[in-house]
Amino acid sequence: MLNSSLKYENLWHTLVDNKIDFPSISQNDVTDVCIIGAGFTGLSAAIHLAEKGKSVILLEAHHIAYGGSGRNVGLVNAGTWNKPDFMVDILGEEMGESLIAALGNAPKLVFSLIEKYKIDAQQMPVGTLHMAHNEKGISELEDRYQQLIKRGANVELLRGAKIEEYSGSSKIPVALLDHRAGTVNPYAYAIGMAEAALKLGVKIYECSPVTSVNCLTRGEWEISVSDHKIKAEKVIIATNAYAEGDLNKYRKAVYSGGYYQVASKPLTGDAGKTILPYKQGSWDTRMVLSSIRLDKENRLVLGSMGFSHNKPACYLKSWANRIQQHYFPQLGKNLEWEYTWCGRIGFTDNHTPKIFEPAEGLIAAIGYNGRGITTGTLVGKLFADYFTSEERKPEIPIPFFSSIDDSKCNYRQIKSLYMETGFTLYHLGQCLKIIR
């Protein structure tokens, strides 16, 4: 029997008790750095700039972590979607290896911020599991493992009884356990960063959409927000796939894909204790992946590519039941599903983030390809370092572009439509048991 009370509501919000509301901007102001977008990148940049003594204004068109940051799966992943050797192939050895190393250490940056500012992010720094679902998946993980250990990463391959012990599933032949990684409640992490930034003196404004960003003279920018103006020496645009208005032009560099999640009611009983008992977040090697994790109240949270707001509850519950019964049949056939929500991911053609610096004093990042927690936190720190260096600007190991047109994603709307159609059909095939 299917549960009929699926809520189209973001679970992560319900698990945070102490939410802070910030005012909308109500006057003109002057600051060293103005940051547009209060997700992981903007919040990290605000903290690291304030730590260095800079005055900061942070503007958010909606509320803290409105975009992908608050809708995230919560996997604090190390590295990129791409395998390390491929990153070197597309970026060159120097930049490629630098980015691999920086993102390999990014989970440590996330968890150190959480510890430093006493953030209750519901964090579990216990690693993640990348799980093979078939023979091809085994080969893929073995190759990735070899490339990672060659670079000194703290990873191991789990097989047989050990992977069943860690995952709770007998359907997974091999999994890559990345000890560097972990999970958080992404919204709780973002809210905690906002509190830390506020205590450091950052001025944070919600419901304050930016209408224009203009260069007045060298070293002076004017940011228009409703009827108010902010003057800043430097500007960081951290809106990623959720850019709006005049900033929507940055989205030309990516195509968008949805990611939805479905969460059960809290698991109880002995069967529930077998599911991911060591609390790693996980995802599989399917062509259209499934993510699997638990929240702090022991809900089973499943996710996959695509949007859920335009799909009926019966479709979403049927898909969730199919994935649960495939991997975790011990939970039975009457698991009740409680929440569903979705977000938007910005994809670049080569699954590598991009940075734009169209003029001195203005910088933007886009295209995190589903790795927003670690990439956003790292990029925010790198931007702060970039804007505060007393001597030569530090190198950022991500491709820079001076113009959107230099890195425009061609046929982006067609790609997005193609992806969403493909995801829907794939999940329908899973529901009908055509796809195993």
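Can you tell which of 33, 155, 110 shows the greatest fluctuation in a Gaussian network model of the chain with Cα springs below 10 Å? Most flexible of the set in this elastic network: 155. Its Kirkwood hydrodynamic radius, worked out from the mean inverse distance over all distinct Cα pairs, puts segment 216-258 at 12.1 Å. Among residues other than residue 253 with Cβ under 14 Å from its Cβ, the summed charge is +3 (Lys and Arg +1, Asp and Glu -1).
Once you have a ≥ b ≥ c as the square roots of the Cα gyration tensor eigenvalues for segment 1-95, tell me rounded if a/c is under 1.5, and otherwise prolate or oblate according to whether a/b is larger than b/c.
On the way: a/c = 2.71, a/b = 1.00, b/c = 2.70.
In terms of gyration-tensor shape, oblate.
In square angstrom, what is the accessible area per residue of the chain with a 1.4 angstrom probe? Write down the numbers at each step before the final one.
Numbers: 18200 Å² over 436 residues.
Using a 1.4 Å probe on heavy atoms only, each residue of the chain averages 42 Å².
Note: segment 11-407, Cα convex hull, 134 Å³ per residue. Projecting the Cα positions of 342, 363, 209 onto the charge dipole of the chain (unit charges on Cβ atoms of Lys, Arg, Asp and Glu, taken about the Cα centre) puts 342 furthest along the positive direction. Calculated mean residue ellipticity at 222 nm for the chain: -10000 deg cm²/dmol, from DSSP H runs with n ≥ 4 weighted as -39500 (n - 2.57), summed, divided by the residue count and rounded to 500. Which pairs break 26 Å Cα to Cα here: 7/296; 108/279; 118/203; 19/415; 52/393; 234/415? Table pairs above 26 Å Cα-Cα are 19/415; 234/415.
What is the local net charge at residue 178, summed over the other residues whose Cβ is closer than 12 Å to its Cβ (Lys, Arg +1; Asp, Glu -1)? Don't skip to the answer; put the middle values down first.
Working: positive: 144, 180; negative: 156.
Cβ neighbours under 12 Å give a net charge of +1.
Using a 1.4 Å probe on the protein chains only, how many percent of the accessible area of the chain belongs to carbon and sulfur? Intermediate results must be reported in sequence, preceding the final value.
On the way: 9140 of 18200 Å².
Result for the chain: 50 percent of the exposed heavy-atom area is carbon or sulfur.
Summary of packing: across the peptides 411-418, 224-231, the per-residue average of other C-beta atoms within 10 Å ranks them, highest first, as 224-231, 411-418. Distance between the C-alpha centres of segment 210-240 and segment 70-147: 33 Å, rounded to the whole angstrom.
Could you tell me what fraction of 2.2 N^0.38 Å the Cα radius of gyration of segment 295-420 comes to, as a two-decimal ratio? Present the calculation step by step, with values, prior to reporting the outcome.
Details: Rg = 20.2 Å, N = 126, 2.2 N^0.38 = 13.8 Å.
Computed over Cα atoms of segment 295-420, the ratio equals 1.46.
What is the sum of charges around residue 282, taking Lys and Arg as +1, Asp and Glu as -1, for the other residues whose C-beta is under 11 Å from the C-beta of residue 282? Write down the numbers at each step before the final one.
Numbers: positive: 279, 293; negative: 178, 284.
Once all neighbours under 11 Å are counted, the net charge is 0.
Mean sequence separation of contacting Cα pairs (under 8 Å, at least six apart), scaled by the length of segment 11-407, corresponds to a relative contact order of 25 percent.
The values are calculated or read from the model by the stated rules, or taken from the named source; none is laboratory data. Remember, it's a predicted structure, so these values are computed and weren't measured experimentally. Backbone-built Cβ (ideal geometry, glycine too); neighbour counts: all protein chains shown. Heavy atoms of the whole protein, side chains included, go into the accessibility calculation; ligands, DNA and RNA do not. Shrake-Rupley method; radii C 1.70, N 1.55, O 1.52, S 1.80 Å.
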